[in-house]
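Notes follow the structure.
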Amino acid sequence: MRLFAYILSLSRSVRGLLVLAWLLAAAGCGFHLQGAGTLPPAMARTFVDTDRPHSEFLVSLTDVLRQRGAEVLTAPADGAAVLDITSDETGQRVLSVSARNIPREYEIFYSVTFSLRVGAESLITNESLVVTRSYTYDETEVLAKAAEEQILRDALAADLARRVMQRIQSLGTTVALLPR
């Protein structure tokens, strides 16, 4: 609290310099907002191959790809990266029940298995990711809990899409050096 009062007592120009120094330090350490980032050049044109064309995960994944500058293709093309989603599953499990054997807590899970190819080069082979969330259940609020479950499922799908992008970005220069 004393530091805050001290900073407020400084002149406007000194406070401006402090803010500028903080911004430069944040930029210099590699800080960036979550979701920000770019894809390697080899991923500029990407085809997503999946058996579930309307899943929450696929919607989130194509949104993230487009936000990061990729053209999402509707069919495979020469020179395009192929992101193969071999498994896209979601479900729920009962975590706890009441004394009357009524579910009180559920766990929602979402799992995907994916592979990445650029040309003839396989960069990621059958990598699986799973995310889970739990929520309490009250049988007197069935509609509200159903809506909560769908919101959690959408959030899990978005989280998985970001994790897939982070995994692809972790390949770094390997993908960038491949021919397009």
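The values are calculated or read from the model by the stated rules, or taken from the named source; none is laboratory data. Since we're looking at a predicted model, the values are computed, not measured. Note that each Cβ is placed from the backbone with ideal geometry, even for glycine, and that neighbours are counted across all protein chains shown. Note: areas computed on protein heavy atoms with side chains; ligands, DNA, RNA excluded. Shrake-Rupley method; radii C 1.70, N 1.55, O 1.52, S 1.80 Å.
Just to be sure, is L10 surrounded by 12 or more Cβ atoms within 10 Å (Cβ to Cβ), at pLDDT below 75 and more than 30 Å from E89 (Cα to Cα)? Spell out the reasoning first.
Details: surrounded by 12 or more Cβ atoms within 10 Å (Cβ to Cβ): yes; at pLDDT below 75: yes; more than 30 Å from E89 (Cα to Cα): yes.
Considered against the rule, which asks whether it is surrounded by 12 or more Cβ atoms within 10 Å (Cβ to Cβ), at pLDDT below 75 and more than 30 Å from E89 (Cα to Cα), L10 comes out as yes.
Quick grid of which residues meet (1) without any contact (Cβ under 8 Å) to a residue 60 or more places away in the chain; (2) open to solvent by less than 30 Å² (accessible area, probe 1.4 Å):
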position: L61; (1), (2): no, yes
position: Q67; (1), (2): yes, no
position: L73; (1), (2): yes, yes
position: G79; (1), (2): no, no
position: I85; (1), (2): yes, yes
position: V97; (1), (2): yes, no
position: R100; (1), (2): yes, no
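I need the full set of residues from the range 87-107 which are among the β-branched types (V, I, T) and under 25 Å from S55 (Cβ atoms), in order please. Before you say what the answer is, go through the steps one by one.
First pass over the range 87-107, keeping only residues among the β-branched types (V, I, T): 90, 94, 97, 102.
Selection gives T90, V94.
Among the strands (runs of 3 or more DSSP E) lying completely within the range 45-134, list those that include at least 3 residues that are more than 19 Å from the chain's Cα centre (by Cα) and more than 15 Å from V164 (Cα to Cα). Walk me through how you get there before you give the answer.
On the way: elements: 45-50, 71-73, 81-97, 103-118.
Hits in the range 45-134: 81-97, 103-118.
Spot the failing condition for A158; the list is (1) in contact (Cβ under 8 Å) with a residue 40 or more places away in the chain; (2) closer than 30 Å to A120 by Cβ, and only one is missed.
(2)
Can you tell me which residue in the range 119-177 is most open to solvent (accessible area, probe 1.4 Å), limited to those that are closer than 27 Å to P103 by Cα, at pLDDT below 90 and among the β-branched types (V, I, T)?
By that ranking, first place goes to T140.
Suppose we filter G28, G16 for residues that are exposed (fewer than 14 other Cβ atoms within 10 Å of the Cβ), over 23 Å from A155 (Cβ atoms) and modelled with pLDDT of 70 or more; which single one remains?
It is G16.
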